[in-house]
Every structure is written in C-alpha cells, then in structure tokens.
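I have placed the structure first, in the form of structure tokens, so that the comments after it can refer back to it.
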Amino acid sequence: MKYLDEIQLQKRMSSRIIKNNILKQLFLAATLFGLIVLAILFIRIFTEGAAWINWDFLTGRLSTAPERAGIMGAILGTSWLMLIVIPVTLIVGVGTAIYLELYAKKGRFQSFIATNISNLAGVPSIVYGLLGLTIFVRAMSLGNVVLAGGLTLSLLVLPIVIVSAQEAIRAVPQHLSEASYGMGATKWQTVKNIILPASLPGILTGSILALSRAIGETAPLTVLGIPALLIPFPEGLFDTFTALPMQIYYWTLDSSLVEEYAYLAAATIIVLLVLLFLLNSIAIYIRNKYQQRY
Amino acid sequence: MSPLTKSKKVKVDVNVKSNISAPKTNEIVYDTEDLNLWYDKTHALKDINLSIYEKEVTAIIGPSGCGKSTYIKTLNRMVELVPTVRTTGKITYKGKNILDKSFKVEDLRTHVGMVFQKPNPFPKSIYENVAYGPKIHGIRNKKVLDEIVEKSLRGASIWDEVKDRLNENAYGLSGGQQQRLCIARCLAIEPNVILMDEPTSALDPKSTLRIEELVGELKKEYSIIIVTHNMQQAARISDKTAFFLNGEVVEYDDTNNIFTNPADRRTEDYISGRFG
C-alpha cells in the first residue's frame, strides 16, 4: 500500500509552493523595512547637514551664532577620549582575557567571572555613567574632565573587548600552543610568541568595534555632566571637554529655539558617521589582511 | 640505574626474553615504575612498568584508546594540559623523577622534544619555526641561530628543499615537508629524546616513507619513542615494541620477537589483525 496518494500530493503541492512564495516576500519585506528606514534617515541627515559642512565648521570654535559655529572642540574632545579608551581597554581587556583563557584554572570561579563579564556587556550605558559619576567624578574628585569621561567609557566597552579577545584567543588552535609548550616554552613565552600574534586580528577587530561604540555613546556622558558650552579646547587629561555625540544632543535639544541648530546637529552626525565608518573599515581591513589559516 | 634492577619489575624484560638480537648495552633513558594515570575518573594507564633505552627506536602500538598517546604525553608531561589529569608512580629520566612536582616541565621539554600527529608548524617563516626553540631558550646571536637552523634542517633532511626559501611561510610547504620541518624544529632544541605521536598518520605513503627513513637516521643520535597505529611501521623502524591494551602494557620486547614470536595471545591477535 502506498501512503503518498498522487492526487492528494498534487493538490497539496500548489498550496505548499504558494506558502513558500508568500513567506519569501515577507522575509524580503522585513529586510527592506530596516534598509528603507536607514535610507530615509541618511537622506534626511545629508540633505539637512551636508550643506553646513565646510572647513570653518570642522575647525571652528563653538558659537551661539549658527553660521559661525564649529565643532573642533568636540572633535578634539572625542579624540582625547579615544586616547584614554584605546590603551585602557586594550591593556586591561586583553590582560583579563589572557588570564581567564590561559591562566585561570577552569572551574566554578572562572565560569562565574566569565558569565558576569558577558552580563556586564548587556548593562545599559547610562548605568556606567552613574558608576563613572560616583567613582571618577565624585569619589576621586576628578570633575567632569577628559580622564573621567575616558575611564567611564573604558568601563563601558571593557566587557565587549574582553569577550571578543577571549573568543579570539580561544580560536587559536591548540596544536600551535602545544608545539610551543613541547619545546619547553613557558606560558608567557607561548602567549607572547604564538597565541597573541595569532589572535591579534580578532582582538583588534573586536576592540575597534567596541571603540566605535564608545565614540557614539551619549548617555554616560550626559550623566557625567559633560557640557557643550563655550569652553576652551581641551589640552590635557584634566581639562573639561565636550564630545561629538554631546554636541549633537545639545544642538538637537536647542533646535526648538534656533532652527539652524538642527542643521548643525545633522552636519555633526555626518562627521560622526564618517568617523565610525572609517573605524569599521579599519577593523574589516585588519581582519581580512591578517586573518590566518591554520 | 642498571638494566639488571629492571628485570624484576618489567614483566617481559627484553634481556631475559631476547634470543635474536645481541644483548643490549644501551643505557636506560626512561624508566617507568608503577605508573597509573586517571583522567578525572577514567583510569587510562594501569601499573605501567617500562624501561626505554637510549639511541633506539621504541614503538608503542595498540588499538585506539589503549593509552599509548597518553603514555607518550606523560613522558614530557604534556598530558598535564588536561586539567583533570592525576598520576601516581614514577617516571625516572636520567635518574630524576619527572612526575615530581618540583621537576620543571620547561627543563624536561628542553631535553625531550615532541613531534605531533598533525604537522603543526607555527604560522611563521620556515626559519622562524626552527629558530623558535633556541630563541625561547635565550639564544639571540644571529650567527648561532643561522647555524642551528641549517644544522636542524639538514638533520631532518629537508634543508635542500627549503634552503632557498627560508623566509617563506611554513604553510606553503606540503604536509610531509611540514612534518619534517616540525622534526627540524624539535632538533633545534638539541634534545636527547624525541617523542613522536603518530607522526605519519596525516601523511601520504611517500611522505611517510621519508619520515621513516629519517627516524632510522635520527636514532644514531637520539632516543626515539614513536606511537603508531601502523603495525608495519613499527615492524619496519623500531628496535623495541610495546603493545598497549586498555591502559596496560601487554607485552614489551624486541620488535623482532613481538612480530615473529609474541608471548601473549592478545599481542598475536592484534598484530595478525584480528582486532584493533
């Protein structure tokens, strides 16, 4: 006896195929939804802001008069933040990852720490702002200076750097480190000569992506009380500063008072986007260029 | 330690049983006494007693999971990379118990090199691969390193093939060449013993043959312990053969005896292909 009846089969066939086609269209629509919204956003920002970008805007000081306002202060502020975030997250983050992956005894303690770090990566950024405010601004009485902002942002992206560095280290094939240990190398020699070089592309890619998140963060900086006022350019770690996302935030807030501020905000967004795009390109470049096969 | 003291412990001692080869005068390099090893709760090695002699090729054969790889990795304590491992008993290397926690593994592994199952060169140049060992042991002089690299590559009979491209990535070599490079890398630390864990299992027959010829050359200067799946290989290249089964040494004797006149029924069954 045959279980598959030919007539029934044909009947069902067309409905199955129709269902397949409908779902294909639905998935396409889901994809397009995101793309279209993004495109609208881009078009709006570029039509509003592109005209305002010129050399004076990029290099000028902040001003209440829209046509004379420049964002050099914010660009410098963001650069200073990066100068802190990059070394702090790389050293602390990669160090933690090396310890957890290679030195720590595998056990409850290690998995407890690892789980918590993954959880920390999901904590809202404003909470890190509060942490920074409590520790760096108040307890260490640094005030809302570059150092406090940089350390806060470092804390914020540290979990991301740790997790991505851990994954990169774990991806180094065991047989490479075995070969090194087998010749009498210590753990540190193996880490330095074999594991780090092999995992560097992964570590750098993760770190740059984390960095681009830090650049775009606004919430923790607002909590720290970072201004966007007529302040001198920051020249050191203990100067007050403003940053690109803060500038965007305040200009957008005040656009109800002065209409042109909205255009300035759009122009600043373009600058920030270009910066993020550059960073992501560097990450992709590093990943492609140094990716090794084993 | 003299071979005489051993005959009590080794169930089947070569000097007692061997009637084909001339009496061995070689010194013992590794002396294993009542070695037991557990991975967590799995008892992987059971009461191993085995003396390994200098400047010979000792083959370790047996079916998968018999503990042969575990045993060879115990000889340079690589087995400790598995965190749950636990050992009892003694392995004496040149008069010292290497299982003693005060024995530095880095020191041990400088004298005992290892060649792995899969060729595992570093993603570095051919030169850097061979210079790696001497460098981690503190040799910085470029001229000395050059000499070591050439000598080691010659020792692994790969020099002629790679001398014009020492700065190229080792991954450009064929599998067999990579494995000989790994042997050269191992020679560069000037070991006394070379442990080989199924070094030809990932290679084609031609490359396998080259490695086997090389092993024959190397035993003039080094003591070689080779784990192999391939019984013909053990018969071809080794002086002594130990047959492992379920974590125990069933039989250990001159290779000739093992393959022509095994004392234990299980050995006979295994080498005649009835299981394994």
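The values are calculated or read from the model by the stated rules, or taken from the named source; none is laboratory data. Worth saying up front: this structure is predicted, and the values here are computed from it rather than measured. Methodologically, a virtual Cβ is constructed for each residue, glycine included, from the backbone with ideal geometry; neighbour enumeration extends over all protein chains shown.
General observations
- Among residues of the stretch B:22-76, those that are among the polar types (S, T, N, Q), closer than 17 Å to B:Gly89 by Cα and under 12 Å from the mean Cα position of the chain (by Cα), counted: 3
- When residues of the stretch B:38-73 are limited to those that are within 14 Å of another protein chain (Cβ to nearest Cβ) and out of contact with any Ser or Thr (no Cβ under 7 Å at 6 or more places or on another chain), the one farthest from B:Gly273 (Cα to Cα): B:Lys73
- Test: residue in the stretch A:198-214 that is part of a helix (DSSP H, G or I), surrounded by 18 or more Cβ atoms within 10 Å (Cβ to Cβ), in contact with a Ser or Thr (Cβ under 6 Å, 6 or more places away or on another chain) and hydrophobic (A, V, I, L, M, F, W, C): no
- Flag if A:Gln110 is within 14 Å of chain B (Cβ to nearest Cβ), surrounded by 13 or more Cβ atoms within 10 Å (Cβ to Cβ), without any contact (Cβ under 8 Å) to a residue 60 or more places away in the chain and under 19 Å from A:Ile195 (Cβ atoms): yes
- Taken together, the residues in the stretch A:173-195 that are without any contact (Cβ under 8 Å) to a residue 40 or more places away in the chain, among the hydrophobic types (A, V, I, L, M, F, W, C) and either more than 9 Å from chain B (Cβ to nearest Cβ) or under 20 Å from A:Ile286 (Cβ atoms) (or both) amount to 2.
This table checks each residue for (1) surrounded by fewer than 21 Cβ atoms within 10 Å (Cβ to Cβ); (2) without any contact (Cβ under 8 Å) to a residue 60 or more places away in the chain.
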{"site": "A:Ser118", "(1), (2)": "yes, yes"}
{"site": "A:Val123", "(1), (2)": "yes, yes"}
{"site": "A:Gly132", "(1), (2)": "no, no"}
{"site": "A:Gly143", "(1), (2)": "yes, no"}
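- Checked against (1) within 14 Å of chain B (Cβ to nearest Cβ); (2) free of Cβ contacts under 8 Å to residues at least 12 places away in the same chain; (3) aliphatic (A, V, I, L, M), A:Ile43 passes all but condition (1).
- Of all residues in the stretch B:194-209, those satisfying the criterion of being surrounded by 20 or more Cβ atoms within 10 Å (Cβ to Cβ) and not in a loop (DSSP other than H, G, I, E, B) are B:Ile194, B:Leu195, B:Met196, B:Asp197.
- For the criterion of being loosely packed, with under 15 Cβ neighbours inside 10 Å and in the same structural domain as A:Pro159 (by TED's automatic domain parsing), A:Ser281 passes.
- Residue selected from the stretch B:108-124 under the condition crowded, with 23+ Cβ neighbours inside 10 Å and touching a Pro at 6+ places or on another chain (Cβ under 7 Å), by the criterion nearest to A:Pro201 (Cα to Cα): B:Val115
- Filtering the stretch B:51-63 to residues that are surrounded by fewer than 23 Cβ atoms within 10 Å (Cβ to Cβ), more than 9 Å from B:Asn246 (Cα to Cα) and of a type outside the set (Lys, Arg) leaves B:Tyr53, B:Glu54, B:Glu56.
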